[in-house]
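The values are calculated or read from the model by the stated rules, or taken from the named source; none is laboratory data. From a predicted model like this one, the values you see are computed outputs, not experimental measurements. Here Cβ is always computed from backbone atoms with ideal geometry, including for glycine, and neighbour counts include all displayed protein chains. With ligands, DNA and RNA removed, areas are computed over all heavy atoms of the protein, side chains included. Shrake-Rupley method; radii C 1.70, N 1.55, O 1.52, S 1.80 Å.
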Amino acid sequence: MSQKYDVVVIGAGPGGYIAAVRAAQLGMKVACIEKWRNPKGEPTLGGTCLNVGCIPSKALLASSEEYEKVRGHLGEHGIAAEGVTLDLAKMLARKDAIVAKMTKGVEFLFRKNRITWLKGHARFVDSEDDAVRIEVTGEGADAAAKAPLLVGAAHVIIATGSKARHLPGLDVDNRVICDNEGALSLSEVPGRLGVIGAGVIGLELGSVWRRLGAEVTILEALPEFLPAADEAVRKEAWKQFTKQGLKIHLGAKIGAASVDGRGVKLAWTDDKGGAQQLDCDRLIVSVGRVPNTDGLGLDAVGLSVDERGFVPVDAQCRTAAPNIWAIGDVVRGPMLAHKAEDEGVMVAELIAGQKPHIDYGCIPLVIYTSPEVAWVGRTEQQLKAEGRAYKAGQFPFSINGRALGIGAPEGFVKVLADAATDEVLGVHVVSAAASDLIAEAVLAMEFKASAEDIGRVSHPHPSMSEVLREAALAATDKRALNM
Ligand code: NAD
């Protein structure tokens, strides 16, 4: 065997690279196998999140928000801007530069922590008492030149992530019909953009292109909008997004599509069974993601995927094979970068003999629209279904001085607390910067805080965070101070 490690991580997305860093911090000899190549053909770390997911989408969300602000919202500040133009190529180049900086940052972390980056595709070979053997084959240009490399590891962490789910009959070419990858790099703003799926990607990227000038129509299969969210959040988000101009059709059934030089003609059936046709210049398919285990050779180590393609693991991310772990999108739970990171840290610490713990009930979810949507813990509907006695407090941003000052009066914070103990059970935010505001709620829930605890903590004035405090006071015993 040519190389031997304490830990080999397969995949360098946020789950894998963080697992590698933490294992290295704990004194282990670590390698990470990653085959990703960027559009220039260069090997790249960071996985979907950094290359074609969270990071580039947030760059475009910010750019498009600035564009919309300058065109529509500066007037109320007494600022007139004329002759505003859009240089899409520059906007995309800015996004690409951020991606390059972030992925280079992971390379720096690997060097700093002496993590070996094995560039290529990993496939399990076999597993003996003291080592799992993996073959690494080169990808792309230098594939022919490289003989497979055999590495052995005392522990392996599978962090191979997920890939976009596609629909039969809709061939994703990432030019006319796009998944998340093509949707981040459209060469011009489409006049009419169709989106299939009103989930996180559909809403975020639909918002980006709407702000840049596209007429956006979203077709969602389910009869309800954002069914996992609290009902109050669902209603507010629907109100805000449709007011902004997103056309969202619920209960849509997708039919056949035809593509020609001018775009896509997509047949669909509405919620009343009526035949409809969507004509659009570009179409984004954002109907969820599937775990990625392609060519991994799981059977060589006695593993197989479940009926939905996930690698089965226990609560601590152990697979059925000794010393093989799996984390992130390739295992159960929400497909979120921060959940993958948390699991990466947990597994590295378990391998080191520590006793880490993840509270899966305290993982926040964020949709980076405008306003943003974020929540942690239970919804009111879940509490009702569980028969749990609870109290609810809600406070709007429309009467918060800071929110008015920055021109972001939309939305609210809703706090749900146990009726008897006042323990915070769920926090739901629709607001600008909800992604940051939710962190305080996550911390409170991790510490099993009561709503009164949040209410008694000093919050800076004026700040958006005061709304969380007021909602917590409202939940405790209806004692919000400014309402
Ligand atoms: P999603 O699960 O969030 O949404 C997919 C939507 O498509 C659902 O509403 C579903 O009902 C709908 N759908 C499924 N099949 C359909 C069909 N045939 N016709 C019409 N609608 C259909 O998935 P996504 O938006 O593709 O995102 C993929 C993953 O990436 C998610 O797990 C998400 O959590 C993650 N992600 C997270 C963030 C974030 O944290 N802000 C951002 C982007 C993506």
Ala340 being within 30 Å of Leu61 (Cα to Cα) and either within 16 Å of the ligand (Cβ to nearest atom) or modelled with pLDDT of 95 or more (or both): yes
- prompt: Given the conditions (1) assigned by TED's automatic domain parsing to the domain that holds Gly191; (2) open to solvent by less than 30 Å² (accessible area, probe 1.4 Å), and given that Ala267 satisfies all but one, which numbered condition is not satisfied?
  reply: (2)
- prompt: Can you tell me which of Ser431, Ser450, Ser398, Ser435 is out of contact with any Pro (no Cβ under 7 Å at 6 or more places or on another chain) and under 24 Å from Thr369 (Cα atoms)?
  reply: Ser435
field: Any hit, segment 283-296, residues being surrounded by fewer than 21 Cβ atoms within 10 Å (Cβ to Cβ), aliphatic (A, V, I, L, M) and over 19 Å from the mean Cα position of the chain (by Cα)
entry: no
Residue count, segment 454-464 (criterion: open to solvent by 80 Å² or more (accessible area, probe 1.4 Å) and within 30 Å of the chain's Cα centre (by Cα)): 1
query: Would you pick out the residues in segment 353-371 that are away from the ligand (no atom under 14 Å from the Cβ) and not hydroxyl-bearing (Ser, Thr, Tyr)?
result: Gly353, Gln354, Lys355, Pro356, His357, Ile358, Asp359, Gly361, Cys362
- request: With respect to Gly333, determine if the residue is of a type in the set (Gly, Ala, Ser), touching a Gly at 6+ places or on another chain (Cβ under 8 Å) and open to solvent by 10 Å² or more (accessible area, probe 1.4 Å).
  value: no
field: Top-ranked residue in segment 212-226 [being more than 14 Å from the ligand (Cβ to nearest atom) and part of a loop (DSSP other than H, G, I, E, B); ranked as nearest to Leu167 (Cα to Cα)]
entry: Ala214
task: Determine which single condition Ala229 fails, assuming it passes every other condition in (1) open to solvent by less than 20 Å² (accessible area, probe 1.4 Å); (2) away from the ligand (no atom under 14 Å from the Cβ); (3) not charged (D, E, K, R); (4) not assigned by TED's automatic domain parsing to the domain that holds Ile351.
output: (2)
Conditions (1) in a helix (DSSP H, G or I); (2) open to solvent by less than 20 Å² (accessible area, probe 1.4 Å): number failed by Val430: (1)
task: Enumerate the strands (runs of 3 or more DSSP E) found wholly within segment 340-402, keeping only those where 1 or more residues are of a type in the set (Asp, Glu) and either touching a helix residue (DSSP H, G or I) at 6+ places or on another chain (Cβ under 6 Å) or open to solvent by less than 50 Å² (accessible area, probe 1.4 Å) (or both).
output: 372-377
message: Going through Lys146, Lys163 one at a time, which residue ends up being surrounded by fewer than 19 Cβ atoms within 10 Å (Cβ to Cβ), modelled with pLDDT under 95 and of a type outside the set (Phe, Trp, Tyr)?
response: Lys146
query: For segment 186-205, how many residues are more than 10 Å from the ligand (Cβ to nearest atom) and either assigned to a helix (DSSP H, G or I) or over 19 Å from Leu170 (Cα atoms) (or both)?
result: 4
- prompt: Is it true that some residue in segment 257-274 is assigned to a loop (DSSP other than H, G, I, E, B) and among the polar types (S, T, N, Q)?
  reply: no
task: Answer yes or no: is there a residue in segment 138-159 that is touching a residue at least 12 places away in the same chain (Cβ under 8 Å), within 30 Å of Thr242 (Cβ to Cβ) and within 16 Å of the ligand (Cβ to nearest atom).
output: no
- prompt: Just wondering, is there one or more residues in segment 55-76 that are in a helix (DSSP H, G or I), open to solvent by less than 50 Å² (accessible area, probe 1.4 Å) and at positive phi?
  reply: no
- request: Within segment 442-462, count every residue that is outside any helix (DSSP H, G or I) and touching a Gly at 6+ places or on another chain (Cβ under 9 Å).
  value: 2
message: For segment 44-87: of the residues being touching a helix residue (DSSP H, G or I) at 6+ places or on another chain (Cβ under 8 Å) and more than 16 Å from the ligand (Cβ to nearest atom), which is farthest from Ala97 (Cα to Cα)?
response: Ala81
task: Residues being more than 15 Å from Cys280 (Cβ to Cβ), open to solvent by 10 Å² or more (accessible area, probe 1.4 Å) and small (Gly, Ala, Ser): count how many of those fall in segment 189-212.
output: 1
- prompt: Looking at this structure, is Gly27 of a type in the set (Gly, Ala, Ser), open to solvent by 60 Å² or more (accessible area, probe 1.4 Å) and not in a helix (DSSP H, G or I)?
  reply: yes
